[in-house]
Amino acid sequence: MTLNVGQDFKQRWLATPLAVRQVYLDDLARICDLLQPEMDSHKWLEQDQRAIVESESRIKQGYLDYQAELLAAKRLRERLALEAKLAAKRAEEAAKIAAFEAEQQRKQQAQNQLLAVLRQQQAQALTTYIARYQKNPEQNYPHFNKAFKVPDTSMLSELESVRLRLELEAESVIEAKVAELRRMLQAAAKEEIALALKNSAFSDAKNAPETQQDQPEQQPDASK
């Protein structure tokens, strides 16, 4: 007697769940028992009917368990893939935030350097302006009446007034430059934040109503 299992038996057998394979092996062993000379065929047939029902139930349950295992494995792969994707996105967002903070720090340093240069220029201009009003050395002018001589205290008071006015004007110019730089930095920061949000996973924020832009800072009055 030849057992015809088909040409693709190996592939089908390897694709069969282990629990179902065991059922087939048990059925094969039961069939082999019938070949024993001492086996009672009538008794074997009675047991075979019950074994067939039990085998069908075991096979059905084996396939159900196998499908459940496949589904669990698929969900695990999807969860691991999602976690890896989220980790990569978090790393990308962290890199963007670090780059943004570094850029802001660089801009702040550039602003501080510019302010230092402006203060130095204003101080030099103030020094040059005050130097023009230094007291001239006393000389004898016989052709002028002493009544027209300007007292030293009056001259010093006038110079002090000029110095105070120049300092106020310098502070006003510096404050105006600082306010202008702040507005430029705020505008650049808003553009970079909007671009970062647009390219991030939180792009749903695009559909939200745009917030009202901050009111520009008022420039200090140079005349005060």
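The values are calculated or read from the model by the stated rules, or taken from the named source; none is laboratory data. This structure is a prediction, so every number in the text was calculated from the model and none was measured. Every residue, glycine among them, receives a Cβ derived from its backbone with ideal geometry; neighbour counts consider all protein chains shown. For the accessible areas, the whole protein counts, side chains as well, though only heavy atoms, and no ligand, DNA or RNA atoms are used. Shrake-Rupley method; radii C 1.70, N 1.55, O 1.52, S 1.80 Å.
Working carefully through the options Ala94, Ala81, find the one that is under 30 Å from Leu185 (Cα atoms), among the aliphatic types (A, V, I, L, M) and either part of a helix (DSSP H, G or I) or in contact (Cβ under 8 Å) with a residue 12 or more places away in the chain (or both). Break it down into steps so the answer makes sense when it comes.
Numbers: Ala81 fails: under 30 Å from Leu185 (Cα atoms).
The unique qualifying residue is Ala94.
Could you list, in sequence order, all residues of the range 4-45 that are among the acidic types (Asp, Glu) and within 16 Å of Ser57 (Cβ to Cβ)?
The answer is Asp26, Asp27.
If I ask for residues that are among the hydrophobic types (A, V, I, L, M, F, W, C) and loosely packed, with under 14 Cβ neighbours inside 10 Å, which ones from the range 102-129 would you list?
The initial filter retains those residues of the range 102-129 that are among the hydrophobic types (A, V, I, L, M, F, W, C), namely 102, 110, 114-118, 123, 125-126.
Within the range 102-129, Ala102, Ala110, Leu114, Ala116, Val117, Ala123 qualify.
Pairs under 6 Å by beta carbon, first residue assigned to a helix (DSSP H, G or I) in the range 14-25, partner of a type in the set (Lys, Arg), six or more apart or different chains?
So the pair list comes out as Val23/Arg58.
So which of Ala19, Ala99 is closer than 30 Å to Leu197 by Cα, modelled with pLDDT of 85 or more, open to solvent by less than 90 Å² (accessible area, probe 1.4 Å) and aliphatic (A, V, I, L, M)?
Selected residue: Ala99, the only one of Ala19, Ala99 that is closer than 30 Å to Leu197 by Cα, modelled with pLDDT of 85 or more, open to solvent by less than 90 Å² (accessible area, probe 1.4 Å) and aliphatic (A, V, I, L, M).
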